[in-house]
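Please treat every number below as a calculation from the coordinates, not as lab data. Bear in mind the structure is a predicted one, so any value in this text is a computation, not a measurement. Neighbour counts are summed over all protein chains in view; Cβ atoms, including those assigned to glycine, are modelled from backbone coordinates with ideal geometry.
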């Protein structure tokens, strides 16, 4: 009987606690789906929020609200005062940074997101050419929800391995790991559309360079295992042997989809330092222009060697650019630290070593044929 009384008391307390909880009905709140940060006046922060509001008839509308203050939390309070419903951030799916804003550092905002228990590690992050406010406030005739559209744009390109992954989880990992820097997609408005235009390169938490969307392929190929995606490669005519084409044009265009890649990085000289980067790529040729007889095994072998040479050259060029600007998005510092015992590697020490680093790039490309080529 005593146990039964305890049970009734516990049940009563649970019901009372639930009754005291704050109700958050959809029609009474505004759901922030995406936020953008720009430089405000006098070194403040200008925050633009995309807010989804649901009516009692379950019809939703999207509002874009901008506010400026000294801190991001201060702008949130201002946005809340300008919204028809109470602002909730539990449905946040994307964070954008204006290009100029990133040059002052985004580490504080990464840390704030990680500290918030309502934030998911799958939030996507990207840099905007120009200001995020201008991008988000523009009236796109064919885009109803700009927040959802940008999230899906970046997400599907990450999943199809067209760009490096820039989820909060991945960005935070690169930010906190010594010897590895952040890379994230750059988006821009092109007339009535939004597109990915390249990738931003960071040193610690500050953007210091960028690569074209084509060059982002070489970054991803060199630092991650590749399993999908389609890429168009251009090989200069001078790099093509006469046995492949009698009168080679100025360049030959190939489109292939990587089926399987594998990366092997070895530190061969800790003093320089010097690395061997060996990549094996097995891919299916989707298109080649002008036509080459890929039914001929000797020509296929010649073509594979030409592709391997071109990929090695392009990857070396992109690595050299990253060294020049000082961004180690490949994580060579991480390889160095794990390979050299008692290295006591610091950021300052790796900065000096990274500038003098030598990377020997070797690509073994194998063409997988699946039947008829047009």
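Some points to look at:
- Cα shape, region 225-368, gyration tensor, a/c 1.5 rule: prolate
- Share, in percent, of DSSP beta bridges within the chain that are antiparallel, nearest 5: 70
- Volume per residue that the Cα convex hull of the chain spans, once the total is divided by residue count, Å³: 240
- All distinct Cα pairs of region 26-213 go into the 1/r average, and the inverse of that average, the Kirkwood radius, is 16.6 Å.
- The mean sequence separation of alpha-carbon pairs under 8 Å and at least six residues apart, normalised by the residue count of the chain, gives a relative contact order of 12 percent.
- Remark: relative contact order (region 225-368) = 30 percent; criterion is Cα-Cα distance under 8 angstrom and separation of 6 or more residues.
- Subtracting the Cα-Cα distance of residue 294 and residue 142 from 0.36 nm times their residue separation leaves 50.5 nm of extension gain.
- Added length on full extension, which subtracts the Cα-Cα distance from 0.36 nm per residue, residue 234 to residue 348: 37.2 nm
- Multiplying the residue separation of residue 122 and residue 100 by 0.36 nm and subtracting their alpha-carbon distance yields 5.4 nm.
- Simple label model, 7 Å out from Cα along Cβ direction - residue 225 to residue 272, nm: 2.8
- Helices in the chain, meaning DSSP H runs of at least 4 residues, each add -39500 (n - 2.57). Divided by all residues, the mean residue ellipticity at 222 nm is -10500 deg cm²/dmol.
- Quotient of C-alpha Rg and 2.2 N^0.38 Å, computed over region 131-174: 1.37
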